[in-house]
1. Check off (1) closer than 26 Å to residue 32 by Cα; (2) within 21 Å of the chain's Cα centre (by Cα) for residue 56 and give me the number that stays unchecked.
2. State all residues of the range 18-69 that are in contact with a Ser or Thr (Cβ under 6 Å, 6 or more places away or on another chain) and either within 30 Å of residue 121 (Cβ to Cβ) or not in a helix (DSSP H, G or I) (or both); if no residue qualifies, say none.
3. Taking residue 3, is it in contact (Cβ under 8 Å) with a residue 60 or more places away in the chain and either assigned by TED's automatic domain parsing to the domain that holds residue 91 or crowded, with 16+ Cβ neighbours inside 10 Å (or both)?
4. Out of 87, 83, which single residue is among the aromatic types (Phe, Trp, Tyr) and at pLDDT 95 or above?
5. Does the range 100-112 hold any residues that are part of a loop (DSSP other than H, G, I, E, B) and either surrounded by fewer than 16 Cβ atoms within 10 Å (Cβ to Cβ) or among the hydroxyl-bearing types (Ser, Thr, Tyr) (or both), and which are they?
6. Answer yes or no: is there a residue in the range 100-110 that is more than 17 Å from residue 2 (Cβ to Cβ) and touching an Asp or Glu at 6+ places or on another chain (Cβ under 8 Å).
7. Which of (1) surrounded by 11 or more Cβ atoms within 10 Å (Cβ to Cβ); (2) outside the structural domain of residue 144 (by TED's automatic domain parsing) does residue 32 not meet, given it meets every other one?
8. Within the range 70-83, which residues are surrounded by 12 or more Cβ atoms within 10 Å (Cβ to Cβ) and in a helix (DSSP H, G or I)?
Amino acid sequence: MTIHFGYDKKQVIQALRYHFISKKEIRIMIILVNVFAILSLVLYALHKITPVAFLINSFLWLLLMISLWFILPGVVYRRAETFRHEFTMYFSDVDFTLEHTKGKRSWPYTALHSHRESPHFFHLYFDERSFLLVPKSAFADSDEVSKFRNLLMDKIRRK
């Protein structure tokens with residue numbers, strides 16, 4: 001199977017959000033911050049904390065959510081030159097190859113730690129931090145997407 005693709009900025013930003021939110025430590029942090037925000041709202045309603053303390057907590061909550069949703073994915077997108085290039089990928093039964101005008105690189109499927117799927121991409125993880133985004137729009141139709149999904153499930157252990 002062979003695909004050709006470039007990246008769409010909006011879709012990549014969404015995929016990066018999905019990547020960050022899927023991390024256990026970030027999910028735990030969001031849950032704890034939201035519990036703290038709800039607790040501060042309840043304490044404010046019961047007149048146990050001052051309006052200034054409630055506003056500071058609300059500001060910190062808003063700052064964290066803006067950072068996770070907008071700033072972090074935007075910074076990663078701007079720093080990664082990869083998202084501004086065109087690629088060709090070849091998938092065989094034993095390995096996959098990523099080709100660019102400056103060269104190409106092949107990996108066996110065993111090099112992949114895991115994979116995930118988001119609305120517009122397949123995320124191929126080499127480890128917890130490094131991954132490759134394969135756009136679903138690069139496939140000719142939904143049958144090819146399904147074939148690729150099955151290939152990943154057969155070749156890569158999912159975590």
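1. (2)
2. Passing the criteria: only 18.
3. The answer is yes for residue 3.
4. Of the residues listed, the single one that is among the aromatic types (Phe, Trp, Tyr) and at pLDDT 95 or above is 87.
5. Listed by number, the residues that qualify are 101, 102.
6. yes
7. (1)
8. Within the range 70-83, 70, 72, 73, 74, 75, 76, 77, 82, 83 meet the criteria.
The values are calculated or read from the model by the stated rules, or taken from the named source; none is laboratory data. The shown structure was predicted, so the numbers you read here are calculated from the model rather than taken from an experiment. For neighbour counting, all protein chains shown are included, and Cβ atoms are generated from backbone atoms with ideal geometry for every residue, glycine included.
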